[in-house]
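Have a look at the structure below before the remarks.
Just so it is clear, none of the values below were taken in a lab; they were calculated from the coordinates. What you are looking at is a predicted structure, and each value in this text was computed from that prediction instead of being measured. Quick reminder, even Gly has a Cβ in these numbers, built from the backbone with ideal geometry, and neighbours come from all protein chains shown.
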Amino acid sequence: MESLTSEASSNKDLVETVVFLLPRLIPESARPIHDGLYKAIDTSMKEHPELTKSEKKRLCELMDVRKLTNEASMQAAQNERLPGRVVVQVLYFEQLRANHSPVASVAASLHSPVEKTEENKGEEATKKVELSKKSRGRKRARGVVVGHS
């Protein structure tokens, strides 16, 4: 579907039929990544600069910005053809992804209400020790004396 929508987006007569209708015919669950759809939308806007704001908005409503890969997201965030609202959405979800980075995940897991098994307790203790060492290292680098508790 992705390649078909991308190919059709350069043909004005097919834009309405393929780019608007095809994504609606295929269930969301069958489209876990929307990079191809983003490329088709971008190609449509590039090939047809006469599209109105409402047509661009309608095109972009087909795409779920949460389903863009990091690469496509970075491109979309800088794409001047996209409506401002879409760019803001892309930036918002990029920020959410950044907050769910491995570092944030480690910190969150330390406060997780998950039932702790012996293995989990060992992993948690290791993570706490690693975070504590990093924290002490940062404080020493700033010239702060750290006491032992």
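Odds and ends about this structure:
- The length gained on full extension between LEU91 and SER54, counted as 0.36 nm times the residue separation minus their Cα-Cα distance, comes to 11.2 nm.
- Order of SER73, SER54, SER29 under a 10 Å beta carbon neighbour criterion, fewest first: SER29, SER54, SER73
- Charge tally in the Cβ shell below 10 Å around GLN89, where Lys, Arg are +1 and Asp, Glu are -1, GLN89 excluded: 0
- Annotation: the residues LEU62, LEU91, sorted from fewest to most other C-beta atoms within 10 Å of their own C-beta, follow the order LEU91, LEU62.
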